[in-house]
Each structure stands twice: as structure tokens, then as C-alpha cells.
């Protein structure tokens, strides 16, 4: 079995693959104060809760945007000798990176782009709506051609609340209209519908600037994707576990190359 791990700023997503099937998923909080031993106990417990003996795991692959947790999770997986691959360390992505400094790219951006190409072909655009909203595009030549990053809706709300004393805590949900008649509805309109308009507008501009067809597929992922994409005008394809699938494809490609060399 393959264990895929997506380490984000606020959560860690785990995916268990039996062959080419995603058999189970789990999520835990990303806490840099936890030790490797604590994470080992948590991960083994989650595996057991899904009826999996930790000894069944034969390899693991992870993407991470939190360097401190990358090392911690690697140590946590040392309950048995098995290869642990980290995106960026000789892992085959299947796409080229046409950016100024590939080392600055978040591993999740590369992983999602690779997964989207496998899912829809190229060209393709990816929108990841989480702590940050990240929009990227891959050309017909399978090259990641750039990235746009903005605060996600929840992060934007927290920023408002930190800066404006009268902004109340508001649950993010579908807005009733583009203009609210009270503060919570006004916030939902701006943060959800406004976010959707930003995504639509950015996609239009990206497609025009890079001469991508208007029919270019757009794959959306991230915790707030279902809420925001319902307000978008573009046709969008939702893939909840895009990053985990990207990790699976990268692992398969990397092992295949290693096997040929061996």
C-alpha cells in the first residue's frame, strides 16, 4: 500500500492507495509543536481506524509547504524501513516549470498541476481554494507557466476582523445576493461572490495573456472549493483529492524510472 501525505499550513491530508484505488482518506491538524513520536502515534492510529496494519504500508510520498513538518513527518514514518519520497527531491512530476525560481514553488502547486494534466490533459488551469487561493496554468507543452496567489475567503475574513473592530465573526456560506442588507450577508457577498468574481476574472485574463483556448479545462480543489465554485461563471471540474492523486501519479512515475535504471 502507498501512503500519500499532503502537508498544508493548517491541515495534513492522508491518502491510502491499494494499487490504483484511493481506499481511504484522513485529515489531521498541522501542528509544528508536535513531535515525530506524537505524529507516529496519530498516523498509526488513523491507519488502524481504517482497518490497515501500518506494516502493510510499503512506501510513502509527500508534498509539503511547511519545511519543519516535512522533517517531522519523515521521522514519524520510520516505524519500518520503507522509501519515503518528498516532492522536489528527485520525484518525477511529468511537467516542466517555466518560472523564475522553481525552488520557490510550493510542492502542492506542482503536485496539483501534475494531477490536473493527468486528469484533463494540457492545457489546463488549477484553482486551489484553501488558506490561500492559488491559480496556476499549464501550457499545451505541459509547462507550468505561472501562478497567482491571493488570500482565501476564510483568511480574508480573519484579516478584516483583525483590522476592523466592528467586523463580526461570520460563518461563510452561500450568499443570498450580490448585495447584503446586513453585515453578515454583506460579508458573505463580498467574500464568497466577490471571490468567485476574482477567480472568473483571473481565468479570463490568464487565458488571454497566454493565448490559451477559452475551452481550457479548469480543475478546482481545496476545502472551500464547493462553496465558491457554485458562484463562478466558468465551467469548473471539482476534484476533492487532487493533491493525493497527483502524489500517486508522481510515485508511479518515479518508481517506474528507478526500475528502468535498475
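Miscellaneous remarks
- Search result, residues across segment 197-215 that are within 21 Å of the chain's Cα centre (by Cα) and either modelled with pLDDT under 95 or surrounded by 21 or more Cβ atoms within 10 Å (Cβ to Cβ) (or both): 199, 203
- All of 40, 60 fail the test of being in contact with a strand residue (DSSP E or B) (Cβ under 6 Å, 6 or more places away or on another chain) and either assigned to a strand (DSSP E or B) or over 21 Å from residue 143 (Cα atoms) (or both), apart from 60.
- Being surrounded by fewer than 14 Cβ atoms within 10 Å (Cβ to Cβ) and outside the structural domain of residue 137 (by TED's automatic domain parsing) holds for only one residue in 11, 48, 64, and it is 48.
- Residue within segment 202-209 that is under 11 Å from residue 153 (Cβ atoms) and not in a loop (DSSP other than H, G, I, E, B) present: no
- Test: residue in segment 228-237 that is part of a helix (DSSP H, G or I), out of contact with any helix residue (DSSP H, G or I) (no Cβ under 6 Å at 6 or more places or on another chain) and under 30 Å from residue 177 (Cα atoms): yes
Okay, residues lined up against (1) within 30 Å of residue 23 (Cβ to Cβ); (2) assigned by TED's automatic domain parsing to the domain that holds residue 106; (3) in contact (Cβ under 8 Å) with a residue 24 or more places away in the chain; (4) not in a helix (DSSP H, G or I):
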position: 156; (1), (2), (3), (4): no, yes, yes, no
position: 166; (1), (2), (3), (4): no, yes, no, yes
position: 170; (1), (2), (3), (4): no, yes, no, yes
position: 185; (1), (2), (3), (4): no, yes, no, no
position: 194; (1), (2), (3), (4): no, yes, no, no
position: 215; (1), (2), (3), (4): no, yes, no, yes
position: 251; (1), (2), (3), (4): yes, no, yes, no
position: 254; (1), (2), (3), (4): yes, no, yes, no
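- Members of segment 124-134 found to be in contact with a strand residue (DSSP E or B) (Cβ under 6 Å, 6 or more places away or on another chain) and crowded, with 22+ Cβ neighbours inside 10 Å, listed by number: 124, 125, 126, 127, 128, 133
The values are calculated or read from the model by the stated rules, or taken from the named source; none is laboratory data. The structure presented is a predicted model; accordingly, all values stated were derived computationally and were not measured. Counting neighbours? That spans all protein chains shown, and the Cβs are built from the backbone with ideal geometry, glycine included.
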